[in-house]
Structure formats: C-alpha cells, structure tokens
1. Eight or more residues apart or on different chains, and alpha-carbon atoms under 27 Å: count the Lys pairs in region 4-60 matching that.
2. Please report, in debye to the nearest 20, how large the charge dipole of the chain is about its Cα centre when each Lys and Arg carries +1 at its beta carbon and each Asp and Glu carries -1 there.
3. Specify the residue with the greatest mean-square fluctuation among Ala22, Ala11, Ala49, computed from a Gaussian network of the chain linking alpha-carbon atoms under 10 Å apart.
4. Calculate, axis by axis, the spread of Cα positions in the chain along the three principal axes, and write the results as whole Å, longest axis first.
5. Amide H neighbours of Leu26 under 5 Å, counting only residues 5+ apart in sequence or on other chains, H built in-plane at 1.01 Å?
6. Only sites in a loop by DSSP and with at most 11 other Cβ atoms within 10 Å count here; which trypsin sites (Lys or Arg not before Pro) in region 17-62 make the cut?
Amino acid sequence: MASAAIRGAHAVGLPKRSRRYAEDRLCAHEGCITKLSMYNRRDTCFIHADVKIPRLRGKKVS
C-alpha cells in the first residue's frame, strides 16, 4: 500500500462578534414607536433614516 500524507492548516480564530447596542431603544423621530434592533447603530429606523446615494462609478471630482 502507498502511504498517504495528511496535510492540514492551523486553526483560525472565530470572526469578530457583531457590536451590540441597547435592546430597548426606540426610533428618535418624534411620534415613531418603532423598536430598533440591538444591532442597529443608528438612532432612527429605516423609514426615518437619511437617504444616502452611493457612488457607483468614477471618481469624486473635487
């Protein structure tokens, strides 16, 4: 029989844990009662968040 060599790699640590925020937060917009996720870093819900349009192509002209 031919001898088979087994190769492996070093064990790598686990990925970084997601940052958590307070659990009982509400949207900061007046009158909104939406409960925010503990993983949402913002103070507002998706409906009241500022609109951000990403740059899809090209460089930003200064």
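Bear in mind these aren't lab numbers, they're just calculated from the coordinates by the rules spelled out. Worth saying up front: this structure is predicted, and the values here are computed from it rather than measured. With ideal geometry, Cβ positions are generated from the backbone for all residues, glycine too; neighbour counts draw on all protein chains shown.
1. Values: Lys16/Lys35; Lys16/Lys52; Lys35/Lys52; Lys52/Lys60.
Taking the Cα cut-off of 27 Å, the pair count is 4.
2. Numbers: 14 positive and 5 negative charges, 103 e Å.
Here the size comes out at about 500 debye.
3. Ala11
4. Largest to smallest, the principal-axis extents are 76, 42, 19 Å.
5. Under 5 Å from the amide H of Leu26: Leu36.
6. Values: sites: Arg17, Arg19, Arg20, Arg25, Lys35, Arg41, Arg42, Lys52, Arg55, Arg57, Lys59, Lys60; in loops: Arg17, Arg19, Arg20, Arg25, Arg41, Arg42, Lys52, Arg55, Arg57, Lys59, Lys60.
Passing sites in region 17-62 are Arg17, Arg19, Arg20, Arg41, Lys52, Arg55, Arg57, Lys59, Lys60.
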